[in-house]
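Asks: Here it is, the structure in full.
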Amino acid sequence: MRYPVQPTASHFIDGQYVDDTDGTPIPVICQMSEKVIATVHAATPAIVEMAIASAKRAQVEWAAMTGTERGRVLRRAADIMRARNHELSVLETEDTGKPLQETLVADATSGADALEYFGGLAASLTGEHIQLGDDFVYTRREPLGVCVGIGAWNYPTQIACWKGAPALACGNAMIFKPSETTPLCALKVAEILHEAGGPAGIYNVVQGMGEVGNALITDPRVDKVSLTGSVPTGQKVYAAAAAGIRHVTMELGGKSPLVIFDDADVENAVSGAILGNFYSSGQVCSNGTRVFVQKGIKAAFLKRLTERLAGVKMGDPLDETVNFGPMVSARQRDIVEGFIEKGIAEGATLVTGGKRAGDTGFFLEPTVFADVTDDMTIARDEIFGPVMSVLDFDTEDEVLARANATEFGLAAGVFTADLTRAHRMVAGFEAGTCYINTYNLAPVEAPFGGSKKSGVGRENSKAAIEHYSQLKGVYVAMGDVEAPF
Ligand SMILES: NC(=O)C1=CN([C@@H]2O[C@H](COP(=O)(O)OP(=O)(O)OC[C@H]3O[C@@H](n4cnc5c(N)ncnc54)[C@H](O)[C@@H]3O)[C@@H](O)[C@H]2O)C=CC1
């Protein structure tokens with residue numbers, strides 16, 4: 001079975017599809033054919049109002065259910081997602097252009113993991129009892145209320161679930177606004193949660209650009225905003241949330257270092273660098289795009305990397321043998337091309353790639369630059385495309401200082417056979433998500449998020465519960481009340 005690409009309607013609110021065709025049309029463009037394959041409409045003020053009013057009402061009912069009951073809904077939704085993995089993966093590929101080979105294992109499956117994990121935690125979210133002589137305090141772990149999730153375009157299903165699952169487990173309602181570039185997949189998440197028994201209104205999806213996001217996060221009925229996006233957007237959204245003293249989770253951009261020492265296993269280091277630069281055509285926030293390679297292993301690393309890149313198969317992302325898809329949009333392709341031109345102009349050595357590919361489609365070759373220096377634009381700015389920068393280094397102290405010399409702090413990785421050094425490096429990295437002898441894995445059990453300008457808060461793991469709930473302390477007196485007069 002295959003889902004129709006054109007959704008039934010633009011938004012999913014209060015358990016059903018709704019539309020208001022007065023909203024600005026948002027075309028969905030196929031990254032392979034460059035043709036419009038679906039159209040949705042940005043939410044009008046009436047749609048935004050409908051979504052918030054419905055979430056506010058539904059949240060009360062949802063929070064009154066036991067954790068076990070809420071968890072059951074999430075786990076049922078996880079089962080449905082797994083049973084429909086193929087059609088959800090096809091839709092994810094149509095939304096993003098990522099190869100089906102990837103989406104079959106990384107998107108609905110990761111979303112289902114989040115629903116299952118937080119569904120399992122829901123029943124055990126408790127407060128604590130603090131004895132104070134005869135008196136005592138107990139704490140209640142309570143939901144925040146209505147949460148708004150705003151997504152980026154690279155992982156539309158996964159982001160919708162990573163935000164929705166912990167929010168719902170804690171008894172919140174969520175209104176999710178997908179990126180205008182990839183509006184399709186979150187609608188399926190909403191539909192599935194409803195089918196799994198979620199009360200109408202606990203997970204609404206509304207479409208739109210920044211204005212719709214802004215209308216949602218400035219509404220006084222909204223208690224929290226969780227954004228996945230770029231740092232400039234994060235600054236705006238964080239500021240708007242601060243005006244209303246709202247809770248925030250910010251999952252923002254990065255320019256992460258991947259450090260490869262002379263003693264590393266070359267084959268594994270090359271695999272790590274490929275995973276950290278070319279998966280999803282490089283459109284991954286945690287990518288290790290500054291690959292610091294110690295001078296003694298540089299020649300062997302570049303040789304094997306170039307050989308391994310011969311295994312890239314570009315083409316129709318729906319063809320399961322294709323392992324490298326087009327960029328998400330013409331705009332993103334053009335941005336990345338601009339960075340490649342800068343890399344060449346600023347004197348980096350183009351080892352491989354650098355060009356468009358194919359007659360149609362937003363394809364860019366996987367690109368590797370060597371002899372990159374810290375001051376070059378390609379070593380400083382987030383590119384969000386398939387461009388790897390290889391930088392040379394001599395010593396551990398030197399590379400750690402250079403790895404940290406960035407305003408970002410999302411991820412960092414190290415490849416070495418010396419485990420003492422690996423742990424020392426990781427302790428020194430200014431980054432929220434670190435890897436030793438691997439790169440870019442993001443299981444739901446592990447916290448994911450950034451430090452410095454890459455973000456605030458953590459997604460996944462038990463840590464996410466702290467970001468979707470609040471504690472109420474209750475002092476209970478067992479005797480008379482003493483007062484001064
Ligand atoms: N840390 C993480 O977990 C991840 C971070 N990202 C980051 O996302 C970026 C790429 O995604 P894009 O969609 O281009 O990011 P973006 O920042 O352009 O947009 C993100 C979302 O924010 C919305 N938005 C824009 N202005 C807004 C405003 N004023 N108020 C409310 N919402 C607003 C957009 O409509 C979109 O849904 C990259 O920088 C990447 O590093 C991407 C994936 C994961």
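The values are calculated or read from the model by the stated rules, or taken from the named source; none is laboratory data. Only a predicted model underlies this, so the values are computations on that prediction, with no experimental measurement involved. So basically every Cβ, Gly included, is an ideal-geometry build from the backbone, and we count neighbours across all protein chains shown. The protein model used for the area step is the full one, side chains on, heavy atoms only, and it has no ligands, DNA or RNA in it. Shrake-Rupley method; radii C 1.70, N 1.55, O 1.52, S 1.80 Å.
Asks: Heavy atoms only, probe 1.4 Å: what % of the accessible area of the chain goes to carbon and sulfur, would you let me know?
Replies: 55 percent
Asks: Taking only C-alpha pairs under 8 Å that are 6+ residues apart, what is the relative contact order of the chain in percent?
Replies: Computed over the chain, the figure is 18 percent.
Asks: Find the Rg to Rh ratio for the chain, where Rh is the Kirkwood radius over alpha-carbon pairs and Rg uses the same atoms.
Replies: Ratio of gyration radius to Kirkwood radius for the chain: 1.01.
Asks: Here's something else I'd like to know. Which GluC sites (Glu not before Pro) in the stretch 33-139 pass both tests, a DSSP loop state and at most 15 other beta-carbon atoms within 10 Å?
Replies: Details: sites: E34, E49, E61, E69, E87, E92, E94, E102, E116, E128; in loops: E34, E128.
Passing sites in the stretch 33-139 are E34, E128.
Asks: Could you work out how far helix 185-195 tilts from the main Cα principal axis of the chain, as a 0 to 90 degree angle to the nearest 10?
Replies: 30 degrees
Asks: Enumerate the amide H contacts of V18 below 5 Å, restricted to partners 5 or more residues apart or on another chain; note that Pro and chain-start residues carry no placed amide H.
Replies: Residues meeting the amide H criterion: S10, H11, F12, I13.
Asks: Now for a separate question. Report H129's accessible area, 1.4 Å probe, all protein chains in place, as a number in Å² to the nearest 10.
Replies: 110 Å²
Asks: Under a plain spin-label model, where a point goes 7 Å from the Cα along Cα-to-Cβ, how far apart in nm are A483 and V36?
Replies: Distance between the two pseudo-spin positions: 7.0 nm.
Asks: Which percent, nearest 5, of DSSP beta bridges in the stretch 357-454 are antiparallel?
Replies: Bridges in the stretch 357-454 that DSSP calls antiparallel: roughly 10 percent.
Asks: I would also like to ask the following. Where does each of D219, D316 land when they are ordered by accessible area, with a 1.4 Å probe and the largest first?
Replies: D316, D219
Asks: Turning to a different aspect of this structure: Looking at this model, which pairs from K35/K355; K35/K163; K56/K472; K177/K313; K188/K453 are more than 24 angstrom apart at the alpha-carbon?
Replies: K35/K163; K177/K313; K188/K453, as the Cα separations exceed 24 Å there.
Asks: For R290, enumerate residues with amide H under 5 Å from its amide H, sequence gap 5+ or separate chain, H modeled in the peptide plane.
Replies: S256, L258
Asks: Same structure, new question: Using alpha-carbon pairs under 8 Å, 6+ residues apart, how would you state the relative contact order of the stretch 215-292 in percent?
Replies: 29 percent
Asks: Further question on the same structure: Taking amide hydrogens as modeled 1.01 Å from N in the peptide plane, which residues meet the under 5 Å criterion relative to I150, leaving out close sequence neighbours?
Replies: Correct list: K177, S226, L227, T228.
Asks: Just to confirm, what accessible area per residue do you get for the chain at 1.4 Å probe, in whole Å²?
Replies: I get 39 Å² per residue for the chain.
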